[in-house]
Structure formats: structure tokens, C-alpha cells
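I have placed the structure first, in the form of C-alpha cells, so that the comments after it can refer back to it.
What follows is calculated from the coordinates using simple rules that are stated; it is not laboratory data. Everything numeric in this text was worked out from a predicted model, so none of it was measured. Reconstructed Cβ throughout: ideal geometry from the backbone, glycine too, with neighbour counts over all protein chains shown.
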Amino acid sequence: MRKILAPALLATIFVLSAWLFFAVQAQAAPPAQQASQPVTIYFFWGDGCPHCAAAKPFLAELSQRYPSVTIRDFEVWNHEENREPFFKMTAKYGFEPTAVPTIFIGDKYWVGYAEEPYAREIETTVAACAANGCPDAGAGVLAPLPTPVPDPIVATAPILAGGLATPTSSEISVPLLGTIDLGAQSLLLSTALIAFVDGFNPCSLWVLS
């Protein structure tokens, strides 16, 4: 009897061990690596907008954690050719293009940026789109990216003239006054200028007119 039970017991232990191993491996894999559906983020921003600057590293990190994410970014304050895509996107979603940053993912959009609640909402949307798929926000409005794309994680829109480059730390763009080098200003004036610019939350788009 023992000779019969021993092999059966060993076989049962082996099967259970294998099942537990694969179950643990499946749970250990982060959702971002399991997801495979393509997700395109459309990011419209202004060079010198502090809230746009805050959104950039968040989106870049998001694209690293979710390999299926592609970011198409358009700087609209200094590059007039990027404004038409912005106007088309806002018209598609039924609102006026009044401020940046404006972010489109699937059937959702955000105007402005802050860690709460925007960052959480954006990542939740990206995770859902990566897992289940969602429509391309720019489909039927903007020209698709050429294929194959050299970098599948972060690609640049063909129309883009600005990119995600961060402006020099000593320069800011001030409505009515243009770009100002803070390094050439007094500490008091620099502080006042930064406070003035930071008051635009989100950053106004009237500079386009």
C-alpha cells in the first residue's frame, strides 16, 4: 500500500509545486509588462508653462513603465504649425483650446496638470487602455505616425518642431513680456516673475492670438 501511495504523493506534490510557481510568477509580473495594447498620449504644451514642465517627467516615466505607450507632443506657444492639430483635437472633443497643458488619451482629456488628481487619473486611464485597448484620440484628425517607428516607447509627431526638451532653467516665458532670463534680474524681481507665471494654472493660451 505504501509503495502505491508514495509515487502518487510525489506526483501530487510536484503538480502543486508547479501550479504554485506559475501562479506566483503571473502575480509578480507588473500590470505594465503584461499589457500589450498600444496607447497614444497626445500632449499639447507651451514652452515656459510651469504646469507643462511638471507634466513632462510624469509622462516620460509613464512611457517607461508602460512599454506600449507612445507620446506625441506638440509645443504650441512658439510653433504656429502645431496649433492647427491642437484646434482640431479640441474641436473633436467639443471644447475651446484655452489652456495648456492639454492631454488626450482614448476618449478622455485633461486641461492643466497637478499630481492630484490628474496624475492618478491619467495613469489609471493608461493602464486600462494598455490592458483592454482604447481608441486613438487623434484617429481621423491627425496623420498617423510613420511605420516602423524607431522608438516604440516615445515617438515624436512628424509635425512637431519643439519636442520635450526642457527650457533652460534660468529662462521663463512671461505673458505680454516674452522670454526673460532670470539670471539677469534681481532676486526680488525674479521671485515676482515666477509667482506671476505660476499663477496661470493651467497656462493660458491667449498668447496664441
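Just a few scattered comments:
- With K and R counted +1 and D and E -1, the other residues having a Cβ less than 12 Å from that of residue 141 yield a net charge of +1.
- Burial ranking of peptide ranges 75-81, 94-100 (average Cβ count within 10 Å, highest at the top): 75-81, 94-100
- Packing-based order for 108-114, 68-74, using average beta carbon neighbours within 10 Å, highest first: 68-74, 108-114
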